[in-house]
Amino acid sequence: GDTVTVASGEVVDGDLYVAGSDIIIDGTVNGDIFGAGRSLTINGMVNGGVSIAGQTLTVNGEIAGGARLAGNTIKVNGNIDGDLLAAGNTIDVASTARIGGDFLFGAATVRIDGPVESDIKGAAGEVTLTNGVGGDIELKVDNLTVAPTANIQGYLTYTSENEANIQS
């Protein structure tokens, strides 16, 4: 179980292929990241895309491209300028986060507190939406909650055996 770290102030020019128990990116990667590990945390800047798999994935920094994330727990607290494709048990897009493209997912529980600038498509047991969406939303869910703070610019289409909880 090795820990792999790109330290704050360190710059990796080119793509980064990384595997380890714990992976921490505090510096800058001028390329794409491909990684696998138990815990992966991006606190720095990625000037490219990210494809990572692990038990716990956390994005606190910024990803200039798209992100493909697979893990048990996925937390997005920073910005992803491209699309986010995520598969996991729990996916949390915090209010401090911004998804610049589409958000595509498959999960048990998804909470979207940060803005998504394009479309959302996904399947989940439970989805909660509290922020803005610049495009359409298409969901297959067991339970859908839309908070009064949610601002959907496009159409909301969902398939469920339960009526959505659209709060006013």
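What to note about this one:
- Counting 0.36 nm for each residue step from Glu10 to Asn89 and taking away their Cα separation leaves a gain of 25.2 nm.
- Here the scattering of the range 1-61 is modelled by Debye summation over its C-alpha atoms, one equal scatterer each and no solvent; at q = 0.13, 0.15, 0.24 Å⁻¹ the log10 of I(q)/I(0) is -0.25, -0.34, -0.92.
- Cβ-defined net charge surrounding Glu62, 11 Å radius [Lys, Arg +1; Asp, Glu -1]: 0
- Bins of 5 Å from zero: percent of alpha-carbon pairs in the chain: 2, 9, 19, 23, 18, 12, 8, 5, 3, 1, 0
- Å² per residue, accessible surface of the range 38-168 at 1.4 Å: 43
- Neighbour-limited loop hits for chymotrypsin sites (Phe, Trp or Tyr not before Pro), the range 65-168 (at most 13 other Cβ within 10 Å; DSSP other than H, G, I, E, B): Tyr155
- Between the range 12-40 and the range 76-121, the C-alpha centres lie 20 angstrom from each other.
- Accessible-area composition of the chain, carbon plus sulfur, in percent [1.4 Å probe]: 45
- The GluC sites (Glu not before Pro) of the range 82-168 that meet both conditions, a loop assignment by DSSP and at most 13 other Cβ atoms within 10 Å of the site Cβ, are Glu161, Glu163.
- Solvent-accessible surface (1.4 angstrom probe) belonging to Ser95, in square angstrom, nearest 10: 80
- Nearest-0.05 FRET efficiency for Ser168 and Ala70, computed from C-beta distance (R0 35 Å): 0.45
The values are calculated or read from the model by the stated rules, or taken from the named source; none is laboratory data. Keep in mind that what you see is a predicted model, and the values were worked out from it rather than measured. When we count neighbours, we look across all protein chains shown, and the Cβ atoms used for this are built from the backbone with ideal geometry, even at glycine. These area figures cover heavy atoms from the full protein model, side chains too; ligands, DNA and RNA do not enter into them. Shrake-Rupley method; radii C 1.70, N 1.55, O 1.52, S 1.80 Å.
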